[in-house]
Amino acid sequence: MTTKNTNNASKLANEKRLATMRANLAALEKRCEAILADMTGTGENLTQQQRADLLMLVNVAYHDSGKIEGCFSIDSCAACDFCQHMIASAADNILVICGSCYAAADAWKEAAWRRHKLNARIMSSVLFTVDELKALLIPGQLCRFNEDGDTVNTTMARNYLRIVIGHPHTNFGYWYKNAPAVAAGLAAEGYKTREDLPANVRFIHSSLLIGFPAAALWFDDAIFTVYPDAETTAAAILAGAHECNGRRCRACGYTCYLHARRQEKPLHIAEVLRCNKARREAARAAYDAKKAQIAALAG
Ligand code: SF4
């Protein structure tokens, strides 16, 4: 067979594989929408079978390589309403980290993207019970919420909290930016103090602005902030922040999942922005300008 024929055969095989994948994904999406079409409220009227069928459509991923190698994840999607709103708001402010979203840049990974979108659709629509959520198979010690995307609404936050309760042998790292949704979810589930929180979850509050740590909320275990360049990241680490810097989580001992629950102050974690030179320079200039503005206001 000539090289040209081999290339054509490989292209055809790839197109066939993609067509099959898309047909399978479309069938899952259709099944989900058919069930949700019958729904009222947060799904109280759905039958047990319909609710179980929806949970069968939720994708729990195991990562056998990459940054969170050794962990499971339950993802939302950067196409969710919250992320899309934040990405749009980044158009006017380069410091909004969502404009540099790694997950949105990976949108070409169509299968994962569409499965995550389906997760977001289901988890933000139907409120499941702890017992129902036990059906999600997480046969490991570590699981991350929202490697992609964010908590869309209170219902999703409540489902995540119930997953935590239903999987007591797994430690969860709950990454979030949508603070009102997570706070409302905690309140709706009856959590009021740090002592009330389940022992097997750590809340990682991901700062919205590059270089500016989010104000800590009562339930935060860590504040995760991306800095514009090596200099500002090093300064944050020197000031006491834990260094993430794109390391594999295994290499840092899975700090975000396993560190002792904070008593007074949350752990600060610093990571350098991953981007090209032009974007880095623009982000650093905006960071310096905002710092100067804050200093002027202070005094
Ligand atoms: S601080 Fe450690 S556990 Fe957390 S994201 Fe970075 S490498 Fe992973």
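Is it the case that some residue within the range 250-260 is more than 15 Å from Val226 (Cβ to Cβ), surrounded by fewer than 18 Cβ atoms within 10 Å (Cβ to Cβ) and touching a residue at least 60 places away in the same chain (Cβ under 8 Å)?
yes
So if I check each of Ala52, Ala78, which one is not in a helix (DSSP H, G or I) and not charged (D, E, K, R)?
Working: Ala52 fails: not in a helix (DSSP H, G or I).
So the residue among Ala52, Ala78 that is not in a helix (DSSP H, G or I) and not charged (D, E, K, R) is Ala78.
Are any of the residues in the range 80-102 at pLDDT 95 or above and surrounded by fewer than 16 Cβ atoms within 10 Å (Cβ to Cβ)?
Step one: filter the range 80-102 for residues at pLDDT 95 or above, giving none.
Taking every residue of the range 80-102 in turn, none turns out to be at pLDDT 95 or above and surrounded by fewer than 16 Cβ atoms within 10 Å (Cβ to Cβ).
Between a residue in the range 235-249 that is closer than 14 Å to Thr225 by Cβ and more than 8 Å from the ligand (Cβ to nearest atom) and any residue that is modelled with pLDDT under 95 and part of a loop (DSSP other than H, G, I, E, B), which pairs come within a Cβ distance under 9 Å, given they are 6 or more apart or on different chains?
Going by the 9 Å Cβ cut-off, the qualifying pairs are Ile237/Asn245.
The values are calculated or read from the model by the stated rules, or taken from the named source; none is laboratory data. Just so we're clear, the structure is a prediction, and the values are computed from it rather than from any experiment. As a convention, Cβ positions derive from the backbone with ideal geometry for all residues, glycine included, and neighbour counts pool all protein chains shown.
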